[in-house]
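Bear in mind that the values in this text are calculations on the coordinates, not laboratory data. In this text the structure is predicted, and so the values were computed from the model without any measurement. Reconstructed Cβ throughout: ideal geometry from the backbone, glycine too, with neighbour counts over all protein chains shown.
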Amino acid sequence: MDARFFPDAYEQFESLLQPDKILLIKGQVSFDEFSGGNTITARDVMDIVAARETNLSAISLQVGTDWCNLDAVSKLQNIINEYRGGSCPIHFKVNHPDAELTLASGADWFVTPDDQLLHDLKQYLGADSIALEFR
């Protein structure tokens with residue numbers, strides 16, 4: 001979809017407007033007679049990380065009880081450390097044959113949901129073990 005920017009909006013969001021960057025654009029959609037398609041007049045723009053941080057309620061990590069040991073937790077802590085200080089909590093969903101438990105991280109372990117963090121978590125725990133919980 002084509003996006004149009006008035007000069008003040010363009011100046012405000014210029015740093016985000018880069019090739020191959022995924023953006024969330026809010027604005028007014030209208031039909032453009034010249035192109036024969038829809039266009040959006042941008043009013044607010046954010047990159048995918050900011051959009052996740054705004055709209056995620058948590059990053060959910062599914063783990064089994066066999067994962068609950070000092071070595072595994074330490075490796076996970078090393079992955080998460082670089083992204084701490086954000087506004088997104090992490091929920092640990094621990095599965096046991098007889099029960100399921102959800103643990104929520106404390107505020108000092110909230111993260112910025114960066115692409116690299118999600119990639120590293122998928123590499124470590126497996127793609128099926130990561131879920132993004134949206135509001």
(message) Please list, in order along segment 106-117, the HN-Hα scalar couplings obtained from phi with the Karplus expression 6.51 cos²θ - 1.76 cosθ + 1.60 (θ = phi - 60°), rounded to whole Hz, x for Gly and Pro.
(response) x, 4, 6, 10, 5, 10, 8, x, 6, 3, 5, 4
(request) Compute the FRET efficiency between V29 and T54 as 1/(1 + (r/R0)^6), taking r as their Cβ-Cβ distance and R0 = 22 Å, and round to the nearest 0.05. (result) 0.60
(message) Rounded, prolate or oblate for segment 87-135? Axes are the square roots of the Cα gyration tensor eigenvalues, ordered a ≥ b ≥ c, and the cut-off for rounded is a/c under 1.5.
(response) oblate
(message) Can you say what percent of the DSSP beta bridges in segment 55-134, counting only those with both residues inside, are antiparallel? Round to 5.
(response) 70
(message) Taking 25 Å as R0, compute the FRET efficiency from the Cβ-Cβ separation of L17 and A107 and round it to 0.05.
(response) 0.15
(message) Just to be sure I understand: of the beta bridges DSSP finds with both ends in segment 2-51, what percent are antiparallel, rounded to 5?
(response) 75
(message) Taking a ≥ b ≥ c as the square roots of the Cα gyration tensor eigenvalues, with a/c under 1.5 meaning rounded and otherwise prolate when a/b beats b/c, else oblate, which class fits segment 55-134?
(response) prolate
(message) I'm a student and want to see the number: the projected area of the Cα convex hull of segment 1-53, averaged over all directions, in nm².
(response) 4.0
(message) Please give me, ordered by residue number, the trypsin sites (Lys or Arg not before Pro) of segment 21-66 that lie in loop per DSSP and have at most 12 other Cβ atoms within 10 Å.
(response) K21
(request) Could you pull the Cα extents of the chain along its three principal axes, largest to smallest, in whole Å? (result) 61, 28, 23
(message) Using a Förster radius of 30 Å, what is the FRET efficiency between M1 and Q123 based on their Cβ-Cβ separation? Nearest 0.05, please.
(response) 0.35
(request) Would you mind calculating the relative contact order of segment 55-134 from Cα pairs under 8 angstrom and at least 6 residues apart, reporting the percent as a whole number? (result) 42
(request) Return the lysines within reach of K21: Cα separation strictly under 25 angstrom, same-chain partners fewer than 8 residues apart disregarded; answer none if there are no such residues. (result) K122
(request) Go through A107, I40, S129 and say which Cα lies farthest out towards the positive end of the charge dipole of segment 40-135; charges sit on Cβ, +1 for Lys and Arg, -1 for Asp and Glu. (result) I40
